[in-house]
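The block underneath contains the structure these notes are about, expressed in structure tokens.
Just so it is clear, none of the values below were taken in a lab; they were calculated from the coordinates. Bear in mind the structure is a predicted one, so any value in this text is a computation, not a measurement. Glycine gets a Cβ as well: all are built from the backbone with ideal geometry, and neighbour counts include every protein chain shown.
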Amino acid sequence: MHRLLLSVLALLCAAAGSSLAAEKLKVAIPQKGFWDSSWVEFGETAGFFKQAGLEIEVFYTEGGAQTVATVVSGSVDVAMSNGILGAIRAYARGGEATPFRIISAEMTGANELFWWVKADSPVKSLKDADGKTIAFSSPGSSSHLILLTLLRQAGSKAKPTPTGGVPSTFTQTMTGQIDIGWSVVPFALKDVQEGKIRIVARAREATELQNQTIRVNLANVNSLKTKRETIAKFMQVIAKSIDWAYTNPQAIDIFARNMKVTREIAKQAVDEFYPKSAMQLGEVRDLERSLKDALEFKFLTEPKTPKDIAGLFDIVYKPTM
């Protein structure tokens, strides 16, 4: 009996020790359910975070400034998938006092977004959209950068208008509050197939952005000081989760369920709009172009060089290619 009690106590202590050993992080993720906002969910499904001894508390946002606000306030340790122009603007204003740093690339090139109109709209392309309101999520977001680039390429004088997340934008566009909506695949692809709406522009047409990092992952400065190894481990698991997503069919099933679309549409979205090469984490590419865009699109009030904003970057993990 004595030995049994000792064995039970040993097991309880081991369980408690294991629980106490779990490293915790709070993470903000925009646009719940989209392919590249699902890396944490995929990692949890595959058991990678548990294996790494990490416990992740996720907060979902509408993207853009809302995501940045969570890491600025210190409410979260890491904020995923933020437009690089917004990060550059914040650092240009705050310098070393800026309460976050870029810890990795998130999306390179423009791929998964598109702009659309109702089927009966007279607009056929951005070239004939002058004076029309055209949606993007929020100032400084990647949808903002892509849209401004597309309008510049087309010579269009459409009126960029922040509309928040994809579902609310869909409602605003279908009810006539906005002329041209924005979306992320696979959302609204079914409506395209059924002829209810028409695509008038695709992100991949922004050829200038092909090799440019447009979204980045951020971490709170204080969190980097106190949890640096944990954040680096988190990014290692994210890299592992990305690899898993592109090799395990279960990821498509999860994506389809989250987006409430058929598996066929979910797979089409990944195959056609989410190349794995765009998901590289280790290198923020074509920063000089981002700085030129930031100046042209008035995110900066004066020219900046990569050296001027070098302090914005603290890359915690570079996957081996």
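Projecting the Cα atoms of SER73, VAL185, VAL123 onto the charge dipole of the chain (Cβ charges, centred on the Cα centre) puts SER73 farthest toward the positive pole.
The range 49-168: D in µm²/s via Stokes-Einstein (Kirkwood Rh, Cα pairs, 20 °C, 1.002 mPa s)? Stokes-Einstein gives a translational diffusion coefficient of 131 µm²/s.
Helix 263-273 and the long axis of the chain differ in direction by around 70°, with both axes built from C-alpha atoms.
Put the Cα centre of the range 123-189 next to the Cα centre of the range 45-92 and the gap is 25 Å.
For the chain, the extents of the C-alpha atoms along the principal axes are 84, 48, 35 Å, listed from largest to smallest. When DSSP assigns beta bridges and you keep just the ones with both residues in the range 113-209, what percent turn out antiparallel, to the nearest 5? About 65 percent, rounded to the nearest 5. Spatially close Lys pairs in the range 113-209, defined by Cα atoms under 24 Å apart and a spacing of eight or more places or different chains, total 18. Annotation: amide H-H contacts under 5 Å for GLY165 (H modelled 1.01 Å from N, sequence separation of 5 or more, or interchain): none. GLU55 to SER277: FRET efficiency via 1/(1 + (r/R0)^6), r the Cβ-Cβ distance, R0 25 Å, to the nearest 0.05? With a Förster radius of 25 Å, E is 0.20. On full extension of the chain, what length is gained from SER125 through GLN268, given 0.36 nm per residue of separation minus the C-alpha to C-alpha distance? Taking SER125 through GLN268 to full extension adds about 49.1 nm, to one decimal. Under 5 Å from the amide H of GLU23 lie the amide H atoms of LEU54, GLU55, each residue being 5 or more positions distant or on a separate chain, with H modelled from the backbone and absent for Pro and chain starts.
Looking only at GluC sites (Glu not before Pro) in DSSP loops with at most 15 other Cβ atoms within 10 Å, what is the longest site-free stretch of the chain? Excluding the exposed sites themselves, the longest stretch runs over 1-193. A straight Cα-to-Cα reach below 19 Å connects LYS292 with the lysines LYS304, LYS307, residues fewer than 8 places away in its own chain not being considered. Listed by chain and number, the lysines whose alpha-carbon sits under 20 Å from that of LYS26, ignoring those within fewer than 8 places in the same chain, are LYS50, LYS225, LYS227, LYS233, LYS240.
Qualifying trypsin sites (Lys or Arg not before Pro) in the range 281-321, where qualification requires a DSSP coil assignment and no more than 12 other C-beta atoms within 10 Å, comprise LYS298, LYS307.
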